[in-house]
1. Can you give me the number of residues within segment 34-76 that are touching a residue at least 40 places away in the same chain (Cβ under 8 Å), among the small types (Gly, Ala, Ser), touching a Lys or Arg at 6+ places or on another chain (Cβ under 8 Å) and surrounded by fewer than 18 Cβ atoms within 10 Å (Cβ to Cβ)?
2. Determine the pairs where a residue that is under 12 Å from Leu164 (Cα atoms), located within segment 108-127, has a partner that is aromatic (Phe, Trp, Tyr) and surrounded by 13 or more Cβ atoms within 10 Å (Cβ to Cβ) with Cβ atoms under 8 Å apart, the partner being 6 or more residues away or on another chain.
3. Within 16 Å of Leu167 (Cα to Cα) and among the small types (Gly, Ala, Ser), is that true of Gly97?
4. What pairs can you find where one residue is in segment 81-106 and farther than 14 Å from Ala182 by Cα, the other is at pLDDT below 95 and acidic (Asp, Glu), and their Cβ atoms are less than 7 Å apart, with a gap of 6+ or different chains?
5. Working carefully through the options Leu134, Leu129, Leu94, Leu111, find the one that is under 30 Å from Gly22 (Cα atoms) and surrounded by fewer than 21 Cβ atoms within 10 Å (Cβ to Cβ).
Amino acid sequence: MTVEHKHTLLDNRPDGLSTATGTIKAQLDLLLLGLESLSGESSEAVLAAAQALNLQERIGDRVALWRLRNANPLRRSSGGRKKVDIEEARALVLVIGHMAAQQQARIRSTLEQLEAAVEQERNPFHQPLVGDYLDEFLSHYRSRMVDGDMRDENSITELALRILIELMFYSSPKGTQRLWTALLNRPEMDLPGDQEEDDVAQPANSSSDAFPAS
């Protein structure tokens, strides 16, 4: 499957926003976590996508990517936390859209299995693709996120399924623009560590409710 992204710029440039908010950083990392859980691929796939889109200046190597992903305030480790400028966030949006388009068939098949499980009132974990995705997401989330050991399985599972649905939306030809618009319009959530940054988030929903499908 050939995926072309002819644009490197996105509409709706945010006036006065020079750095990504905590919510934007969290959402971008969780979407990458969802893609990773679907394919089993990690940093190499992201770097390959960045190279294909000529975004090496923003995402040039594993260290740069690690720092961007660890900027997520939900992350357990604060060692890589940093401000993410808006152009770095824009680059991650383009990479996510590109990778979601590449994985569109798998995303669709996984969602079809999920729908079948719901209709048949079966446990989604018993469906091969859905079960594999959820197992991977739960494992990665618990090992990497600061509250991973405290959240119950149902809460993380709900988040994982919402991320999966969002990835379906963002796998379309206009997916990158949809994601960019959704990020800029998404209400801020109360995130750990926000008070230590300039982009302080206003109290909002809990993390389990902060990522509705766009």
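The values are calculated or read from the model by the stated rules, or taken from the named source; none is laboratory data. The structure presented is a predicted model; accordingly, all values stated were derived computationally and were not measured. Using ideal geometry, Cβ is built from the backbone for each residue, glycine included, and neighbour counts are taken over all protein chains shown.
1. 1
2. Going by the 8 Å Cβ cut-off, the qualifying pairs are Thr110/Tyr133.
3. The answer is yes for Gly97.
4. Lys83/Glu197
5. Residue meeting the stated conditions: Leu111.
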